[in-house]
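Structure record follows, encoded as structure tokens.
Laboratory data are not the source of any read-out in this text; all were calculated from the coordinates shown. What you see is a predicted model; the values in this text were computed from it and never measured. Every residue, glycine among them, receives a Cβ derived from its backbone with ideal geometry; neighbour counts consider all protein chains shown.
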Amino acid sequence: MSEFELRELQERIDAGILLAQRRLIERTRRDNGDLVVVRDGKVVHLTPDQLLEE
């Protein structure tokens, strides 16, 4: 693969990850749920709105 092809592939992967994150936040908001993340080595429960504020 050329340098250009690798860069293009990485951009598509990054865009896919961002899309998956947005969809997860939207679905969790719709279901009135919490998201569980790790912050500074600790498990934290956040609402989708709290996650978007940061």
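Brief remarks on what is shown
- Selected residue (only one of Ile25, Ile17 is out of contact with any Lys or Arg (no Cβ under 9 Å at 6 or more places or on another chain) and either in contact (Cβ under 8 Å) with a residue 24 or more places away in the chain or assigned to a loop (DSSP other than H, G, I, E, B) (or both)): Ile25
- Across segment 33-54, the qualifying residues are those that are in a loop (DSSP other than H, G, I, E, B) and in contact with a Leu (Cβ under 9 Å, 6 or more places away or on another chain), and the one among them that is surrounded by the fewest Cβ atoms within 10 Å (Cβ to Cβ) is Glu54.
- Within segment 1-32, restricting attention to residues that are surrounded by 10 or more Cβ atoms within 10 Å (Cβ to Cβ) and acidic (Asp, Glu), the residue that is nearest to Thr47 (Cα to Cα) is Glu26.
- Taking every residue in segment 36-54 that is under 16 Å from Gln21 (Cβ atoms) and free of Cβ contacts under 8 Å to residues at least 24 places away in the same chain and pairing it with any residue that is of a type in the set (A, V, I, L, M, F, W, C) and part of a strand (DSSP E or B), at least 6 positions away or on another chain, the pairs with Cβ-Cβ distances below 6 Å are Val37/Val44; Leu46/Leu35.
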